[in-house]
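This report concerns only the one structure given below.
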């Protein structure tokens with residue numbers, strides 16, 4: 001009965017993923033470039049004929065999927081995580097990679113092929129893994145952005161001293177620098193060109209990158225546009241500060257490497273030991289998962305390991 005249920009569940013799950021994938025690939029009469037999830041501004045005319053620049057966000061090229069995702073609680077947070085991670089995969093495909101296995105697990109739970117506790121743990125681990133991949137890529141991308149930001153600000157400062165505008169300096173940065181600095185400042189230039197105020201376009205950039213030096217730069221630009229001042233000198237000071245902050249962050253990361261390695265070893269040791277015991281004596285370790293008391297012990301131990309990992313991460317993470 002369990003094997004038949006597993007086969008049926010796998011067939012339905014793969015059918016769901018394949019059908020949804022084929023439907024997403026079918027032409028829908030929409031520009032395929034929208035699948036990159038860029039925010040496209042649109043001009044609407046309200047009362048009095050005054051133009052109102054609004055930002056139209058699309059989560060999918062399929063209209064009904066876009067409407068469904070727009071009603072999903074927390075969808076903006078997932079879109080922000082996807083943008084911070086720099087993933088070119090559209091949001092609908094990203095969520096489909098987790099919804100497909102989740103549907104299969106829920107189907108097994110419905111037909112009795114999997115107990116609710118184990119199914120809930122697997123679903124939580126699945127979505128937590130997707131979030132963890134996004135967080136890891138976002139952290140690595142933020143580190144690359146901070147490493148390139150000082151040189152990018154230095155180029156903008158030299159551009160201002162040469163008599164160019166700030167937007168022209170950003171355009172030079174977008175043309176000369178690789179990802180992630182180049183494309184991100186190019187996106188700011190694109191938004192400003194389409195009519196979005198420069199302050200709002202820079203604020204969107206700070207939403208995608210949580211960098212103190214970038215926030216100082218954006219604040220300086222907004223103050224300079226309101227009250228005036230020598231923006232080139234301010235950018236030079238921010239550049240020096242950004243270089244010092246990145247150097248200090250690199251030293252802190254090197255000093256805390258031992259603590260992070262110890263945390264990974266402590267977290268992986270119980271899992272590795274369980275795997276070794278399973279290969280040596282399967283009957284000895286399977287009792288832990290078959291007996292109700294053993295299942296409770298495994299659940300509590302897993303929760304304690306997650307709490308310990310979170311606490312250890314806060315201990316070895318030093319914010320600069």
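The values are calculated or read from the model by the stated rules, or taken from the named source; none is laboratory data. Values in this document were obtained by computation on a predicted structure and should not be read as measured data. As a convention, Cβ positions derive from the backbone with ideal geometry for all residues, glycine included, and neighbour counts pool all protein chains shown.
Annotations for the structure displayed:
- Filtering the stretch 296-320 to residues that are surrounded by fewer than 11 Cβ atoms within 10 Å (Cβ to Cβ) and not in a helix (DSSP H, G or I) leaves only 319.
- Scan of the stretch 98-117 for residues that are in contact with a helix residue (DSSP H, G or I) (Cβ under 8 Å, 6 or more places away or on another chain) and either assigned to a loop (DSSP other than H, G, I, E, B) or under 21 Å from residue 295 (Cβ atoms) (or both), ordered by number: 105, 106, 108, 109, 111, 112, 113, 114, 115, 116, 117
- Looking across 249, 309, one residue alone is within 30 Å of residue 156 (Cβ to Cβ) and either out of contact with any strand residue (DSSP E or B) (no Cβ under 6 Å at 6 or more places or on another chain) or outside the structural domain of residue 161 (by TED's automatic domain parsing) (or both). It is 249.
- Which listed residue, of 293, 277, 288, is in a helix (DSSP H, G or I), more than 33 Å from the chain's Cα centre (by Cα) and loosely packed, with under 11 Cβ neighbours inside 10 Å: 293
- Verdict on residue 233 being closer than 17 Å to residue 165 by Cα, part of a helix (DSSP H, G or I) and either without any contact (Cβ under 8 Å) to a residue 40 or more places away in the chain or out of contact with any helix residue (DSSP H, G or I) (no Cβ under 7 Å at 6 or more places or on another chain) (or both): yes
- The sole residue among 195, 163 that is in contact with a strand residue (DSSP E or B) (Cβ under 7 Å, 6 or more places away or on another chain) and at positive phi is 195.
- So residue 95, is it in a helix (DSSP H, G or I), at pLDDT below 85 and either closer than 26 Å to residue 205 by Cβ or assigned by TED's automatic domain parsing to the domain that holds residue 300 (or both): no
- Residue selected from the stretch 263-274 under the condition farther than 30 Å from residue 251 by Cα and touching a helix residue (DSSP H, G or I) at 6+ places or on another chain (Cβ under 8 Å), by the criterion surrounded by the most Cβ atoms within 10 Å (Cβ to Cβ): 274
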